[in-house]
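I'd like to ask you about the structure that follows.
The values are calculated or read from the model by the stated rules, or taken from the named source; none is laboratory data. Just so you know, these numbers come straight off a predicted model, no measurement behind them. All Cβ positions, even for glycine, are placed from backbone atoms using ideal geometry, and neighbour counts span all protein chains on display. Surface accessibility is based on the protein's heavy atoms, side chains included, excluding ligands, DNA and RNA. Shrake-Rupley method; radii C 1.70, N 1.55, O 1.52, S 1.80 Å.
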Amino acid sequence: MQTYPVNVKNITFAYDEDCLILKNLSIQIPKGKIVAIMGGSGSGKTTLLRQISGQYTPQSGIVEVFGQDIVALNEKKILELRKRIGVLFQFGALFTDMSVYDNVAFSLKEHTNLPESIIQKIVAMKLNAVGLFGTQEMMPQELSGGMARRVALARAMALDPELMLYDEPFTGLDPISLNVAAMLIKKLNTALGQTSILITHDIETSMKIVDYIYFMADGQIIAKGTPTEIHTTTNPAVRQFIQGKVDGPFHYEYPTKLDYNQYLGVKS
Ligand SMILES: Nc1ncnc2c1ncn2[C@@H]1O[C@H](COP(=O)(O)OP(=O)(O)O)[C@@H](O)[C@H]1O
Ligand SMILES: [Mg+2]
């Protein structure tokens, strides 16, 4: 039977009362799969991930993670749940004053009582998995952007999480490093039997590694399907996004109520 480590049902969420960010939104993430969440900036993708990691809770609707209703959990239970979730955030920087070793070992020291000799072995294994065994003594400023992102990946994997949340992990990477990172995400998902949610703007890469795509606009899911289905959709908003067109349902202008001409005192 198919199980869903993440099951979000009809959630509504606002940071401020008067401005709804997520609007009656539902997603289901099947075990073992990599599911992408795509959509324009400000559509609410990061906000959705924050619901899944228990950082914020919805005003209405249900967020089930590993079959548990997040809203009903107390602080202690949420912390326990978080240990089973690996997170790689958009600007997930390394601790700059710590070596690669200390960065990757961080959560192992924080959350386990393992002896240093075992931690050393685990760190070596995690670094080896991302192709960076031997960099233990290096400092973050000695790493290239792609290497730093892979160390962050090793760090996020340290506690063998069952669920991985990636928020735009490819931002700022050159095409080769980007492919390396994408390939690693796929490889680790399979090898460790993980389930992954990947926020990305990179259509080509998603086509290669993800099983399913949810497409968001203005706090709602406006399209969903396999990468091929999304790629060939006739939905105008999705097509505009894929083709990077300026004109279409998405507007780049801020939706202000101020009238520009009136503001400048010119007649339109
Ligand atoms: N901590 C916050 N407090 C208030 N508003 C926020 C906060 N984080 C994001 N927002 C607002 O929520 C909306 C969605 O943001 P976000 O989830 O970051 O979008 P995305 O990740 O799709 O670019 C934006 O309008 C943003 O300004
Ligand atoms: Mg974001």
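From Leu198, Leu153, which residue is crowded, with 23+ Cβ neighbours inside 10 Å and within 16 Å of ligand 1 (Cβ to nearest atom)?
Criteria check complete, one pass: Leu198.
Still on this structure: State all residues of segment 122-145 that are open to solvent by less than 50 Å² (accessible area, probe 1.4 Å) and without any contact (Cβ under 8 Å) to a residue 24 or more places away in the chain; if no residue qualifies, say none.
Of everything in segment 122-145, just one residue is open to solvent by less than 50 Å² (accessible area, probe 1.4 Å) and without any contact (Cβ under 8 Å) to a residue 24 or more places away in the chain, namely Ala124.
May I ask you to list the residues in segment 39-66 that are open to solvent by less than 60 Å² (accessible area, probe 1.4 Å) and either within 11 Å of ligand 2 (Cβ to nearest atom) or free of Cβ contacts under 8 Å to residues at least 24 places away in the same chain (or both)?
Gly39, Gly40, Ser43, Gly44, Lys45, Thr46, Thr47, Leu48, Leu49, listed by residue number.
Which condition does Lys31 not pass, out of (1) under 17 Å from the mean Cα position of the chain (by Cα); (2) more than 15 Å from ligand 1 (Cβ to nearest atom); (3) at pLDDT below 95, if it passes all the others?
(3)
Within the set of pairs 6+ apart or on separate chains, which have a first residue in segment 146-161 that is over 12 Å from Gln136 (Cα atoms), a second that is open to solvent by 50 Å² or more (accessible area, probe 1.4 Å) and among the basic types (Lys, Arg), and C-beta atoms under 9 Å apart?
Cβ pairs passing all conditions: Leu159/Lys83; Leu159/Arg84; Asp160/Arg84; Pro161/Lys83; Pro161/Arg84.
State whether one or more residues within segment 247-254 are within 16 Å of ligand 1 (Cβ to nearest atom) and assigned to a strand (DSSP E or B).
no
Let me confirm something: among Asp167, Asp69, Asp174, Asp160, which residue is away from ligand 1 (no atom under 16 Å from the Cβ), under 23 Å from the mean Cα position of the chain (by Cα), of a type in the set (Asp, Glu) and open to solvent by less than 70 Å² (accessible area, probe 1.4 Å)?
Asp69
Here's a follow-up. Keeping to segment 76-126, report how many residues are under 21 Å from the mean Cα position of the chain (by Cα) and assigned to a helix (DSSP H, G or I).
Going through segment 76-126 one residue at a time, the tally reaches 10.
Could I ask something else about it? Being under 29 Å from Ile203 (Cβ atoms), open to solvent by 10 Å² or more (accessible area, probe 1.4 Å), in contact (Cβ under 8 Å) with a residue 60 or more places away in the chain and in a strand (DSSP E or B) is the requirement here; does Ile21 meet it?
Answer is yes for this residue.
Then there's this: So for segment 90-102 (the condition being hydrophobic (A, V, I, L, M, F, W, C), under 19 Å from Met216 (Cα atoms), buried (at least 20 other Cβ atoms within 10 Å of the Cβ) and in contact (Cβ under 8 Å) with a residue 24 or more places away in the chain), does at least one residue qualify?
Checked against the condition, which is being hydrophobic (A, V, I, L, M, F, W, C), under 19 Å from Met216 (Cα atoms), buried (at least 20 other Cβ atoms within 10 Å of the Cβ) and in contact (Cβ under 8 Å) with a residue 24 or more places away in the chain, segment 90-102 yields no hits at all.
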